[in-house]
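> Please see the structure below; I have some questions.
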Amino acid sequence: MSGLTVLYDELRAYKRSRVLAFAVRSGILRSLELEPQTSTSVANRVGYEGTWIQPVLNLLVELQLAECDNDQYRLTADGATAKCDTTLDAFAGYHLHCFEAWLALPDVVSMKTGGGFHRQRIQNSDFCRSYLKSMDVIAQSNLDFLKGECREHLLGRVLDLGAGPATLCRGLAEDGQLDVTAVDLTSVVETARSLYGETEYFHWVPGDFPAWTPESPFDAVFCSHLLEYCSADRLDTWLKRVCEYLQPGGKAVFVTFLRSDDGQLQVELDMFELSTGVNGDSLGRCHTEQELSDALHRAGFVETRSRPFPTGPSYNEHLIVCEKPANKGSLS
């Protein structure tokens, strides 16, 4: 099987997953549970054009989540289960925008030359709320692993950079052993504050990395899935900035997807990069472990350690811990 065949197969799978997400979040599954309906009646119930609804119904039948008899669609038992699945619902909330994007694939591809689609959509409060809930659900699956691995490194004043829902740091701050500053885009911070609140030891701060500058350096920095949004030519600059945020002797903890060092086609990561173009005219990139290790050392970090997650998506998700030398300066 050629690499191109694999790519097109994965593109179809990627699109199917987004269409299914749309079916959950738009209410199509709920609508089909009520009574047998035509595609036109489904479209009228959920408020979308029929040209949008028919491909979704075709997919639901293909996946055996719905069945059709004389243009009358009804939900199957598996479809009813999917309708009530909270993880799928969270996934749907985050990726609903991708359904629209895939209907105009050339526009998606054009992000390679600059679109910032994700960054634009994050300004929408409904999308931002769904995004945060989705990321919080996903983070819960590995929360025990992260707490066990990070508790000894995230101490004192901690910066959660590109925090999203800040699932790990909010949990660690509950026992009062660390004081967390969670930084993200203004729209993310405003929505996260309304969803999760603040405590004596946990505070949200709006800031657009890497332009944001703190009043004083931190004892530790936590970055979960921030580096994927950094293009290859900006990686050194970003990591040096993270190093500057730290006190001498401080720790940096990264959670990131890593690309295989063997150069094999990894369509999931290619599609992740395509669908999350946030850096103006440069997409982010999933780096190899060696690339990231070299960049961390160039940024001034020492004692870099990497550990794969015990479970996770089809990508290679890793926890990377490194330290800033005691004799290296910080932001003033």
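The values are calculated or read from the model by the stated rules, or taken from the named source; none is laboratory data. Quick caveat, the model's predicted, so the values are computed rather than measured. Cβ coordinates were reconstructed from backbone atoms using ideal geometry, including for glycine residues, and neighbour counts include every protein chain displayed.
> Any idea which of (1) among the small types (Gly, Ala, Ser); (2) buried (at least 20 other Cβ atoms within 10 Å of the Cβ); (3) not in a loop (DSSP other than H, G, I, E, B) is the one Gly171 doesn't satisfy?
Only one criterion is unmet by Gly171, namely (2).
> Here's something else I'd like to know. Condition check: surrounded by fewer than 20 Cβ atoms within 10 Å (Cβ to Cβ), more than 23 Å from His153 (Cβ to Cβ) and modelled with pLDDT under 90. Does Ser260 satisfy that?
In short, yes.
> With the checklist (1) touching a Ser or Thr at 6+ places or on another chain (Cβ under 6 Å); (2) at pLDDT below 85 in hand, flag the one item Val56 doesn't pass.
Unmet for Val56, out of (1) touching a Ser or Thr at 6+ places or on another chain (Cβ under 6 Å); (2) at pLDDT below 85: (1).
> Sort through Val109, Val46 and tell me the only one that's aliphatic (A, V, I, L, M), modelled with pLDDT under 80 and out of contact with any Asp or Glu (no Cβ under 8 Å at 6 or more places or on another chain).
Val109
> Out of Ser194, Ser224, Ser187, Ser231, which single residue is touching a residue at least 40 places away in the same chain (Cβ under 8 Å) and farther than 29 Å from Asp294 by Cα?
Ser187 is the lone residue from the list that is touching a residue at least 40 places away in the same chain (Cβ under 8 Å) and farther than 29 Å from Asp294 by Cα.
> Moving to a separate point now. Against the condition within 25 Å of Val158 (Cα to Cα), assigned to a helix (DSSP H, G or I), of a type in the set (A, V, I, L, M) and modelled with pLDDT of 75 or more, how does Leu296 come out, does it pass?
Yes; evaluated as a whole, the condition is true for this residue.
> Are any residues in the stretch 216-232 of a type in the set (A, V, I, L, M) and in a strand (DSSP E or B), and if so, which ones?
Of everything in the stretch 216-232, those that are of a type in the set (A, V, I, L, M) and in a strand (DSSP E or B) turn out to be Ala220, Val221.
> Now for a different question. Here are Thr213, Thr256: which of them is part of a loop (DSSP other than H, G, I, E, B) and assigned by TED's automatic domain parsing to the domain that holds Ile138?
That would be Thr213, the only listed residue that is part of a loop (DSSP other than H, G, I, E, B) and assigned by TED's automatic domain parsing to the domain that holds Ile138.
> Looking at (1) crowded, with 21+ Cβ neighbours inside 10 Å; (2) part of a helix (DSSP H, G or I), which is the one condition that is false for Val189?
Of (1) crowded, with 21+ Cβ neighbours inside 10 Å; (2) part of a helix (DSSP H, G or I), only one is false for Val189: (1).
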